[in-house]
Amino acid sequence: MGLEILFLFETGLRIAEVTGLKWIDIVDNRLYIRRQANNQGVKEKTKSMAGYRDIPLTREARRILDEVRKYNEKHNLHAEWIFQSNNPKYDYRLSYNAADRKLRKLCDRLDTISKSPHKIRKTCISTLLDNPDINSRTVQRFAGHSDITMTMKFYNFERKSKEEQAEAIDRALALD
């Protein structure tokens, strides 16, 4: 399907959080993170206390969820999970490995470097940090980090070219 990959770009979730999402986790266009899942099962807890959070769903995330609903209905998938499968081994939810394999197959198809779902998380969080309208503490909570240094140290990447960096420095230091 691939919609789970697009959803990662919109939410910055950990893959274990995505594979543990249920429809009841969506309330008033916010996504409540309360559990995580891996191939061994579902844990009714997050990675850390800071992982318990609610994040706003972007218009695109809501659109993706609408497409997921349609897909699930069309394929007669009626489990409680948002991202589902026909596999009873994983309680009819998308497995951790299936989501990871899907992304790697997409990378192969696009003839690009193979990426992990965590790279999508880093891209999403770095993009938010780049936005001057979003406070870094907001990004920290969005990411589910207990400490701002984690967000800044591991998710704050320079994404501009050297030329763009030079122009930005020139504008910032200009006297006029």
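FYI, it's all coordinate maths here, none of it is from the lab. Please read all numbers here as calculations on a predicted model, not as lab measurements. Cβ coordinates were reconstructed from backbone atoms using ideal geometry, including for glycine residues, and neighbour counts include every protein chain displayed.
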Open item on the list: Could you give the length gained by full extension between ILE113 and ASP147, i.e. 0.36 nm per residue of separation minus their alpha carbon distance, to one decimal place?
Closed with: 9.2 nm
Open item on the list: Quick check: the angle from helix 96-109's long axis to the longest principal axis of the chain, C-alpha only, nearest 10 degrees?
Closed with: 60 degrees
Open item on the list: Helix 59-74 against the longest principal axis of the chain: what's the angle in degrees, Cα atoms only, rounded to the nearest 10?
Closed with: 20 degrees
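How high is the relative contact order of the chain? Use alpha-carbon pairs under 8 Å, at least six apart in sequence, and give a whole percent.
Numbers: 224 pairs, mean separation 42.6, N = 176.
For the chain, the relative contact order is 24 percent.
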TODO: Set Lys and Arg Cβ to +1 and Asp and Glu Cβ to -1, take the dipole of segment 81-176 about its Cα centre, and tell me which of THR123, LEU106, ALA172 lies farthest positive.
DONE: LEU106
Task: Under-5 Å amide H pairs with TYR92, H placed in peptide plane, nonlocal only - done: ASN87
- [ ] For the chain, set up a Gaussian network in which alpha carbons nearer than 10 Å are linked by springs, and say which option among GLU17, GLU67, GLU158 fluctuates the most.
- [x] GLU158
Open item on the list: Compute the angle between helix 162-173 and the longest alpha-carbon principal axis of the chain, please, reported from 0 to 90 degrees and rounded to the nearest 10.
Closed with: 60 degrees
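Restricting attention to segment 8-66, which chymotrypsin sites (Phe, Trp or Tyr not before Pro) occupy a DSSP loop and are surrounded by at most 15 other Cβ atoms within 10 Å? Before the final figure, lay out each step's value.
Details: sites: PHE9, TRP23, TYR32, TYR52; in loops: TYR52.
Loop-located and lightly packed - TYR52.
Could you tell me which of the pairs LYS119/LYS162; LYS43/LYS122; LYS115/LYS160; LYS105/LYS162; LYS43/LYS160 are separated by over 30 angstrom between their Cα atoms in the structure shown? Don't skip to the answer; put the middle values down first.
Numbers: LYS119/LYS162 22 Å; LYS43/LYS122 23 Å; LYS115/LYS160 20 Å; LYS105/LYS162 32 Å; LYS43/LYS160 39 Å.
Checking Cα-Cα distances, LYS105/LYS162; LYS43/LYS160 exceed 30 Å.
Determine the calculated [θ] at 222 nm for the chain from helices alone, applying -39500 (n - 2.57) to every DSSP H run no shorter than 4 residues and normalising by the residue count; nearest 500 deg cm²/dmol. The partial results should precede the final answer.
Values: 8 runs with 85 residues, N = 176.
After summing the helix terms and dividing by the residues of the chain, the value is -14500 deg cm²/dmol.
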TODO: For ASP133 and ASN97, calculate 0.36 nm times their separation in residues minus their Cα-Cα distance, and state this gained length in nm to one decimal.
DONE: 9.4 nm
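Most exposed first by the Cβ proxy, i.e. fewest other Cβ within 10 Å, how do THR127, THR46, THR11 rank?
Details: THR127 16, THR46 19, THR11 24.
Ordered by Cβ neighbours within 10 Å, fewest first: THR127, THR46, THR11.
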Task: Among ILE26, ILE113, ILE125, residue whose mean-square fluctuation peaks in a GNM of the chain (springs only between Cα atoms under 10 Å) - done: ILE113
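What ranking do LEU6, LEU94, LEU103 get, fewest neighbouring Cβ atoms within 10 angstrom at the top? Could the numbers behind the result be given before it?
Working: LEU6 17, LEU94 24, LEU103 20.
By the 10 Å Cβ count, ascending, the order reads LEU6, LEU103, LEU94.
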